[in-house]
Amino acid sequence: KVSKAEMEDILERLNKSSLYALEEEYRQGFITLEGGHRVGLSGKALLQRGEIRALKDINALNIRLARNIYGAADELLRYICVDSEVQSTLLLGAPGAGKTTVLREIIRTLSNGEGLFRAYQVALADERSELAGMYEGKSSLDVGARTDVMDSCPKAQAMRMLIRSMAPEVVAVDEIGGENDLEALRYVMNCGCRILATVHGNSMEDIREKPGLSFFLQEKRFERYVVLGNRRGPGTVEAVYDAAGEELICG
């Protein structure tokens, strides 16, 4: 059991004695640490006009250590890069299914031009500093030699900024959610760039039932949908679908 004093000491060390600087992350229920590591928080939410103003009386921590797992995307690459053309791809899975790890490895491989693939100019919208783990302008995690990172910026804004400033061929983003994110994805696709993205979900039915995402399926905006799971450990490829939602492979 962890005492209240021990919890306060751990939080102080995690925060480096700067709770104010991490106030926004606290409201979202997590802290991102140097190196891309992430600490989930649970406690008492303080509300103001129906929105979370602060999180206090922290009672539990979920510490997730970020690291490269080289080769984690090998099984997928022949579906994602076809005839030297990157297919806009949406990775979906439950929390802990390995979406971020697999996405990072896809980015790294395409950016380096490994194996049979030419190198691509990749732009990464890393809102939570989990994919690249930027620290003092340098990536703590390997996202490839030709990847430009916009760090700690709301992903919808970051995607637009990267399109305007970095001339990418591929734009990558983790955990898309609200309408602002979806609108930014449309903007990127309309500019002729390919998208690599992740979203919470367990199956293609989740895509079909979510109004915002179902639009992308109806318009065939994504060429690939990849369902990840834990059946053989995080990052297990359960199925791959084409733009029309037809199954290509079943894990």
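The values are calculated or read from the model by the stated rules, or taken from the named source; none is laboratory data. Predicted model, so just to flag it, every value in this text is computed and none were measured. Ideal geometry is used to build each Cβ from the backbone, glycine not excepted, and the neighbour counts take in all protein chains shown. Heads up: the accessible areas ignore ligands, DNA and RNA and are worked out on the full protein's heavy atoms, side chains in. Shrake-Rupley method; radii C 1.70, N 1.55, O 1.52, S 1.80 Å.
Taking a ≥ b ≥ c as the square roots of the eigenvalues of the alpha carbon gyration tensor, the stretch 1-87 is prolate, as a/c is not under 1.5 and a/b beats b/c. Between the residues Leu47, Val2, Val199, the greatest Cα displacement towards the positive end of the dipole of the chain, with unit charges on the Cβ of Lys, Arg, Asp and Glu, is found for Val2.
Site pair Tyr70 and Asn230 shows an inter-label distance of 2.8 nm when each label is modelled 7 Å from Cα along Cα→Cβ. Each Cα pair under 8 Å and six or more residues apart adds its separation to the average, and for the stretch 102-251 the resulting relative contact order is 16 percent. Scanning residues 5 or more positions from Ala94 or on other chains, those with amide H under 5 Å from its amide H are Gly201, with H placed 1.01 Å from N in the peptide plane. Extending 7 Å from the Cα toward the beta-carbon at both Cys191 and Ala60 defines two label points whose distance is 4.1 nm. For Ile52, no residue whose modelled amide H falls within less than 5 Å of its own remains once neighbours fewer than 5 places apart on the same chain are excluded. Bridges between two residues of the chain, per DSSP, are antiparallel at a rate of about 50%. Once you sort the root eigenvalues of the Cα gyration tensor of the stretch 130-251 as a ≥ b ≥ c, which label holds: rounded (a/c under 1.5), prolate (a/b larger than b/c) or oblate (the other case)? Oblate, because a/c is 1.5 or more while a/b does not exceed b/c.
The count of lysine pairs in the chain with alpha-carbon distances below 26 Å, taking only pairs 8 or more places apart or on different chains, stands at 19. The label-point distance for Lys1 and Arg27, in a model that sets each label 7 Å from Cα toward Cβ, rounds to 3.5 nm. Dividing the helix sum by the residues of the chain, where each DSSP H run of 4 or more adds -39500 (n - 2.57), gives a mean residue ellipticity at 222 nm of -9000 deg cm²/dmol.
The residues of the stretch 1-115 expose on average 57 square angstrom of accessible surface per residue, using a 1.4 Å probe on protein heavy atoms.
Maximal additional length on extending the Glu136-Glu114 stretch stands at 5.2 nm, based on 0.36 nm per residue less the C-alpha distance.
Split the accessible area of the chain by element, probe 1.4 Å, and carbon with sulfur accounts for 48%. One decimal place: the segment Gln121-Lys210 gains 28.9 nm when fully extended, by the rule 0.36 nm per residue minus the C-alpha distance. Specify whether the C-alpha gyration tensor of the stretch 121-188 places it in the rounded, prolate or oblate class, a ≥ b ≥ c being the square roots of the eigenvalues: rounded for a/c under 1.5, otherwise prolate if a/b is larger than b/c and oblate if not. Note, shape of the stretch 121-188 comes out oblate. The structure shown yields Cα extents along the principal axes in Å, and of the options (i) 70, 45, 36; (ii) 65, 52, 49; (iii) 58, 38, 38 that calculated value carries the label (iii).
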